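The values are calculated or read from the model by the stated rules, or taken from the named source; none is laboratory data. Owing to the predicted nature of the structure, the values given are computational and were not obtained by experimental measurement. Cβ atoms come from the backbone with ideal geometry, glycine included; neighbour counts cover every protein chain shown. With ligands, DNA and RNA removed, areas are computed over all heavy atoms of the protein, side chains included. Shrake-Rupley method; radii C 1.70, N 1.55, O 1.52, S 1.80 Å.
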2 protein chains.
Amino acid sequence: MNPKRYLPILQWLPGYGRATLGSDLLAAVIVTIMLIPQSLAYAMLAGLPPEVGLYASIAPLVVYAVFGTSRTLAVGPVAVVSLMTAAAVGQIAPQGSPEYLGAALVLALMSGLILTLMGIARLGFLANFLSHPVISGFITASGLIIAASQLKHVIGVEASGHNLLDLLLSLGANLGSVNLPTLLIGVGVLAFLYAARRWLKPSLLRLGVPGRPADMLTKAAPILAVAVTTLAAWGLGLDERGVAVVGSVPAGLPPLTLPGFDSGLWSQLFVAALLISIVGFVESVSVGQTLAAKRRQRIDPDQELVGLGTSNIAASFTGGMPVTGGFSRSVVNFDAGAETPAAGAFTAVGIMAAALLLTPLIAYLPIATLAATIIVAVLSLVDLGAIRRTWSYSRSDFAAMLATIVVTLGHGVESGIMVGVGLSLALHLYRTSRPHSAVVGRVPGTEHFRNVQRHAVETDERLVILRVDESLYFANARYLEDTVMALATRQPGLEHIVLACQAVNVIDASALESLEAINARLRDSGVCLHLAEVKGPVMDRLEHTEFCHEMTGKVYLSTYDAWRELRGESEAPLSRPCGALRAT
Amino acid sequence: MNPKRYLPILQWLPGYGRATLGSDLLAAVIVTIMLIPQSLAYAMLAGLPPEVGLYASIAPLVVYAVFGTSRTLAVGPVAVVSLMTAAAVGQIAPQGSPEYLGAALVLALMSGLILTLMGIARLGFLANFLSHPVISGFITASGLIIAASQLKHVIGVEASGHNLLDLLLSLGANLGSVNLPTLLIGVGVLAFLYAARRWLKPSLLRLGVPGRPADMLTKAAPILAVAVTTLAAWGLGLDERGVAVVGSVPAGLPPLTLPGFDSGLWSQLFVAALLISIVGFVESVSVGQTLAAKRRQRIDPDQELVGLGTSNIAASFTGGMPVTGGFSRSVVNFDAGAETPAAGAFTAVGIMAAALLLTPLIAYLPIATLAATIIVAVLSLVDLGAIRRTWSYSRSDFAAMLATIVVTLGHGVESGIMVGVGLSLALHLYRTSRPHSAVVGRVPGTEHFRNVQRHAVETDERLVILRVDESLYFANARYLEDTVMALATRQPGLEHIVLACQAVNVIDASALESLEAINARLRDSGVCLHLAEVKGPVMDRLEHTEFCHEMTGKVYLSTYDAWRELRGESEAPLSRPCGALRAT
């Protein structure tokens, strides 16, 4: 057992030097500035007090620096996980109640335990069952729901609803009670952030600012919006004119919290915790892998589970909420030159300073400003082009994506992701239940065999060669039986059927029984069954079976050997009984 | 639309002649004799009055003759389906109540509708998701439960229990109250039936009786046991000595019944009806296929669903119970020379005559006799050798089989089959989530490439060729990313990675995104990604994607072309940009 594998900090801490320190500190300053408004906003999205977002950006970052394998991933609250948190915890208790806060802590703890255990059991591959179209559809749908849910804060009306339609209808019904100062702030910040995204960087570049600082300044636009609108709200007394503001936020270090151990609550939250874990992990690991590859580094997905899991456990004991690796902040961290996870620990110090010193200043921060930063951030996740691309590439992938989007928008995040995963598995199983196979014939004058339907090839009426293009397992074994028996009944003068198995990696017990049935039925019809090009590991298993002894035909190294011997073109026998010979 | 396809009777009725009539009539007589005790026994096993078994062997046989595609399948009540019926209906009402009878009719109707709809929707492939080890384990476990549940009738004690352990414990606790005459009859019939199975046929053969009649006489042993013990019970007045007998059975034609349409009952029975449908269909279709193959006939699984479905609907309207094609009776029908489904219709006439005329005679039939015939029949289904064979062939198949057996024995038939299917799917998905792949090198002096770990082959430090041995889809796409990136980081001087795709039948949208990610990450590391031996249909799809345009490398017809060009051994370029060239 290699301690460096389970404590990745040992890989970089011993060689930590002054140059690396400088890069990491600079990156930490920039990420801190970006993370302050994000943390406040995503806590609000999750229905939690703003300081919870700050707390969730302190201890988890330090813990990830110890256990995580990505050098540049920045963890903390992210949009989609915050939405899922709100959906899960909202079913337990009303927003603002101590139970709501407690349930969020439990959710973080459970999610942390699930991730950590999955990592220890090396179950990272489970995340692979979330297909790209399902994730992409889920994130697009979540982005739309989040944006819709924040619109009310931007225009200053009341609205509620559990799905997109309800939200928009409720918003429409209350449009009469718009608060004008709120609308001005909200729409102003929206416009400013969009303009910053689109025009600020090109303008800075034209003014001669180098690329990287220009990029950093653009990414800092939200903090500018926060500062200006907070000052305006304070200076103009906007809270007295109906503009909702954050209000008093306690200054201080993260509290030590003990999540509740109520078994009823745990079982109610279990499915949500599992889905949050997997969605958060998938998002985080794909960011981590993309960034690692740019520097020819690698991350270990199973250890990443441990890194994210321990981060969530840390969040649950320090007044936080479920966290994961965020896309935009990790890119900023990487671009700002972070070299080791120490940058994350330094960011934690920065956020801690903010929690201690800046919280009195944000009492006048308008909610509309936070809502606008959320909308701009999540709408960049909405990828309608992916829907079109998926449609044109694969109809079955499109079906899974569409189902995910429709159910997520219409019924909720948990059902959406479960329907998407279920449907994509069902479609995959349906596809493999009809394995591709082709009757092949000999390309004249060569040893090659090709599909008789696509090529002009030699065939023989006493002999059919069927190339099997997939591993044989229970779901497709009977389909092979049907295919072979159809061939046998179609061709009256048939004497031999050869299964060419170059693409068969596995023959499971059901497929073995199907081969036995095929062999017996062909024997009853007076046809011999032969195999060709069986792979080594597959033949190893077949050797010890009854099928191998009862097979009416032989095993050939190559399809060409079978062709020659069964047509009587070879003088010496080219085959041996089952078991004595293997293809390699 | 071909009417012969949907009404298979049109395939054989127009040409029906006198010779066929003779064969079918003979087979019908033999099957009728065999079916009478079986029908009574399986009705008892299902907890239903004995006449229900006879009714279920009349109308369904006629309907199957119209809609079924097997020439020799004999439908009616069978052991496993009767057990599942008892388990499902027993949760609705106590045995003997009118509600119990009514629920059995509803179950037959629902099962009939499910099968028929699956047939019309061509969903016969769904049955393929019951793997052989799961079916085999399920039937073995069901056989043990059935045998245990009938033991009490054989030895004449009270016992009850929902799983094997409870049954046996309850039996043991009541052993003191054994009824001696019952025990003598039960054990006597058991011994006689076993002896008949083992010694009767060889003795008859030795006495010069030809093979087929000897076989038929052996199969008729149960009717002899029924006749002898009924006479004994009547002559000796055994019912007054505590021997349980069938009692008065109404004589007459099957009643017309109308299954209830209570939505609560329907939803309670839905899962059971679905499982009964699928288990019954799988059992029936495998018998049908085996027999059809012996005469080079074929059966159409989707039309078989319609045949079995309409038979069950017929059962539900004529006082019957769920039915399917039975193994032993179909073999007897086939061996007795049945040539068309008319034999089934004639059997129905025979059973109808029995329902009209013989029912008064079976009032004294001891329950112990029926129980003994059930035990002998179901223990022949218990296949402990299959457990050992599966263990030695495949551990994952064994795991699914064992789980099915343990859960069926310990918790019940429905949970057993669901756990088995779930686990076999999960294990299959796990296996395909780690696709087989191999780094290959050139066999010196040839155009062949083989696994570098198994063969002495040429390699090149600037070039890695990875042969991908499976279709790429969401569950294994990220594993490929990991594999490729591990190769790239391990070999510092690497310039080119070639994916040899001869075994890739499908690249789904997730795998396409993984290829895009691999391409982008390799580009960031200064390595080019190439493809070789891409199949036609796969290349057709790739051509229209962004990946195809962004790919850093090229597409080669053969691995050897890639090897030569990338090592600078060819003078003219052997590749073209993506899309301009395809492997065939």
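Inclusion of B:Glu481 among residues that are modelled with pLDDT of 85 or more, assigned to a helix (DSSP H, G or I), touching a helix residue (DSSP H, G or I) at 6+ places or on another chain (Cβ under 7 Å) and open to solvent by 40 Å² or more (accessible area, probe 1.4 Å) is not warranted.
From the list A:Ala343, A:Ala353, A:Ala363, A:Ala338, pick out the single residue that is open to solvent by less than 10 Å² (accessible area, probe 1.4 Å), in a helix (DSSP H, G or I) and farther than 13 Å from A:Val78 by Cα.
Exactly one of A:Ala343, A:Ala353, A:Ala363, A:Ala338 is open to solvent by less than 10 Å² (accessible area, probe 1.4 Å), in a helix (DSSP H, G or I) and farther than 13 Å from A:Val78 by Cα, namely A:Ala343.
Give the residues of region A:508-543 that are more than 20 Å from A:Tyr479 (Cα to Cα), open to solvent by 20 Å² or more (accessible area, probe 1.4 Å) and either under 42 Å from the mean Cα position of the chain (by Cα) or more than 11 Å from every other protein chain (Cβ to nearest Cβ) (or both), sorted by residue number. Listed by number, the residues that qualify are A:Glu533, A:Lys535, A:Pro537, A:Asp540, A:Arg541, A:Glu543.
Looking at B:Thr318, is it without any contact (Cβ under 8 Å) to a residue 24 or more places away in the chain and among the β-branched types (Val, Ile, Thr)? No: the conditions fail for B:Thr318.
If you go through region A:403-458 and keep only what is within 27 Å of B:Ala127 (Cα to Cα) and among the aromatic types (Phe, Trp, Tyr), you end up with just A:Tyr430.
Only one of these is in contact with a Gly (Cβ under 7 Å, 6 or more places away or on another chain), within 14 Å of another protein chain (Cβ to nearest Cβ) and assigned to a helix (DSSP H, G or I): A:Gly137, A:Gly102. Name it. Talk me through it step by step, then tell me what you get.
On the way: A:Gly102 fails: within 14 Å of another protein chain (Cβ to nearest Cβ).
Among A:Gly137, A:Gly102, only A:Gly137 is in contact with a Gly (Cβ under 7 Å, 6 or more places away or on another chain), within 14 Å of another protein chain (Cβ to nearest Cβ) and assigned to a helix (DSSP H, G or I).
On the stretch given as region A:269-328, residues that are away from chain B (no Cβ under 13 Å), assigned to a helix (DSSP H, G or I), among the hydroxyl-bearing types (Ser, Thr, Tyr) and closer than 26 Å to A:Gly416 by Cα total 3.
Within region A:471-483, can you find the residues that are of a type in the set (S, T, N, Q) and at the interface with chain B (Cβ under 10 Å from one of its Cβ atoms)?
First pass over region A:471-483, keeping only residues of a type in the set (S, T, N, Q): A:471, A:476, A:483.
Once the filter is applied, which keeps residues that are of a type in the set (S, T, N, Q) and at the interface with chain B (Cβ under 10 Å from one of its Cβ atoms), region A:471-483 yields A:Ser471, A:Asn476.
Contact annotation: residue pairs with Cβ atoms under 8 Å, 6 or more positions apart or on different chains, pairing a residue in region B:378-394 that is within 14 Å of chain A (Cβ to nearest Cβ) with a partner that is in a helix (DSSP H, G or I) and exposed (fewer than 12 other Cβ atoms within 10 Å of the Cβ), are B:Arg389/A:Glu546. For region A:418-450, the candidate set comprises residues that are in a strand (DSSP E or B) and open to solvent by less than 20 Å² (accessible area, probe 1.4 Å); within that set, the residue that is farthest from the other protein chains (Cβ to nearest Cβ) is A:Gly441.
When region B:495-507 is limited to residues that are open to solvent by 10 Å² or more (accessible area, probe 1.4 Å) and farther than 18 Å from B:Asp540 by Cα, the one that is farthest from the other protein chains (Cβ to nearest Cβ) turns out to be B:His496.
Given the criteria in contact with a Pro (Cβ under 6 Å, 6 or more places away or on another chain) and modelled with pLDDT of 90 or more, does B:Leu105 qualify?
On the way: in contact with a Pro (Cβ under 6 Å, 6 or more places away or on another chain): yes; modelled with pLDDT of 90 or more: yes.
For B:Leu105, the condition - in contact with a Pro (Cβ under 6 Å, 6 or more places away or on another chain) and modelled with pLDDT of 90 or more - is met.
Only residues that are within 20 Å of A:Met118 (Cβ to Cβ) and either open to solvent by less than 20 Å² (accessible area, probe 1.4 Å) or of a type in the set (Gly, Ala, Ser) (or both) were counted across region A:307-320, and they come to 8.
In region A:140-173, what residues are part of a loop (DSSP other than H, G, I, E, B) and either without any contact (Cβ under 8 Å) to a residue 24 or more places away in the chain or under 28 Å from A:Glu283 (Cβ atoms) (or both)? Show your work before the answer.
Within region A:140-173, the subset part of a loop (DSSP other than H, G, I, E, B) is A:156-163.
Residues satisfying the conditions are A:Val157, A:Glu158, A:Ala159, A:Ser160, A:Gly161, A:His162, A:Asn163.
For A:Leu101, indicate whether it is surrounded by fewer than 24 Cβ atoms within 10 Å (Cβ to Cβ) and among the aliphatic types (A, V, I, L, M).
Yes: the conditions hold for A:Leu101.
Residues in region B:484-494 that are more than 7 Å from every other protein chain (Cβ to nearest Cβ) and either crowded, with 20+ Cβ neighbours inside 10 Å or touching a residue at least 60 places away in the same chain (Cβ under 8 Å) (or both): B:Val484, B:Ala488, B:Leu494.
Only one entry in B:Pro3, B:Pro8 is open to solvent by 20 Å² or more (accessible area, probe 1.4 Å) and either in contact (Cβ under 8 Å) with a residue 40 or more places away in the chain or in contact with a helix residue (DSSP H, G or I) (Cβ under 8 Å, 6 or more places away or on another chain) (or both), namely B:Pro3. So is B:Leu361 at pLDDT 90 or above and either within 27 Å of B:Arg71 (Cα to Cα) or not polar (S, T, N, Q) (or both) or not? Here the answer is no, as B:Leu361 does not meet what is asked.
Quick check on B:Ser415: is it polar (S, T, N, Q), out of contact with any Gly (no Cβ under 7 Å at 6 or more places or on another chain) and either away from chain A (no Cβ under 14 Å) or open to solvent by 40 Å² or more (accessible area, probe 1.4 Å) (or both)? Spell out how you get there, then give the answer.
On the way: polar (S, T, N, Q): yes; out of contact with any Gly (no Cβ under 7 Å at 6 or more places or on another chain): yes; either away from chain A (no Cβ under 14 Å) or open to solvent by 40 Å² or more (accessible area, probe 1.4 Å) (or both): yes.
The answer is yes for B:Ser415.
Does region B:550-570 include one or more residues that are without any contact (Cβ under 8 Å) to a residue 40 or more places away in the chain and within 7 Å of chain A (Cβ to nearest Cβ)? Full working, then the answer.
If we filter region B:550-570 for residues that are without any contact (Cβ under 8 Å) to a residue 40 or more places away in the chain, which is where we start, we get B:550-552, B:554-555, B:557, B:561, B:564-565, B:568-570.
Remaining after also requiring within 7 Å of chain A (Cβ to nearest Cβ): none.
There is no residue in region B:550-570 that is without any contact (Cβ under 8 Å) to a residue 40 or more places away in the chain and within 7 Å of chain A (Cβ to nearest Cβ).
Go through A:Val271, A:Val279, A:Val249 for me and flag whichever is assigned by TED's automatic domain parsing to the domain that holds A:Ala354 and closer than 26 Å to A:Phe334 by Cβ. Give the steps one after another, and end with the answer.
On the way: A:Val271 fails: closer than 26 Å to A:Phe334 by Cβ; A:Val249 fails: closer than 26 Å to A:Phe334 by Cβ.
One residue alone meets the criteria, A:Val279.
Of the residues examined, A:Thr218 is not one that is in contact with a Leu (Cβ under 8 Å, 6 or more places away or on another chain), at pLDDT 85 or above and either assigned by TED's automatic domain parsing to the domain that holds A:Leu107 or part of a helix (DSSP H, G or I) (or both). Scan region B:458-468 for residues that are within 12 Å of another protein chain (Cβ to nearest Cβ) and surrounded by fewer than 20 Cβ atoms within 10 Å (Cβ to Cβ) and the total you get is 0. Within region A:80-95, the set of residues being touching a residue at least 12 places away in the same chain (Cβ under 8 Å) and open to solvent by 10 Å² or more (accessible area, probe 1.4 Å) comprises A:Leu83, A:Ala86, A:Ala87, A:Gly90, A:Gln91, A:Ile92, A:Gln95.
Name the residue, out of A:Val382, A:Val378, that is of a type in the set (A, V, I, L, M, F, W, C) and assigned to a helix (DSSP H, G or I). Before you say what the answer is, go through the steps one by one.
Values: A:Val382 fails: assigned to a helix (DSSP H, G or I).
Every option except A:Val378 fails the conditions.
Starting from residues that are part of a helix (DSSP H, G or I) and open to solvent by less than 20 Å² (accessible area, probe 1.4 Å), keep the ones in region B:117-134 and report whichever is nearest to B:Leu409 (Cα to Cα). Can you show your working first?
Narrowing region B:117-134 to residues part of a helix (DSSP H, G or I): B:117-120, B:124-129, B:132-134.
Okay, now just the ones that are also open to solvent by less than 20 Å² (accessible area, probe 1.4 Å), so B:118-119, B:124, B:127-128, B:133-134.
On the way: B:Met118: 29, B:Gly119: 31, B:Gly124: 28, B:Ala127: 22, B:Asn128: 23, B:Pro133: 16, B:Val134: 13 Å.
Selected residue: B:Val134.
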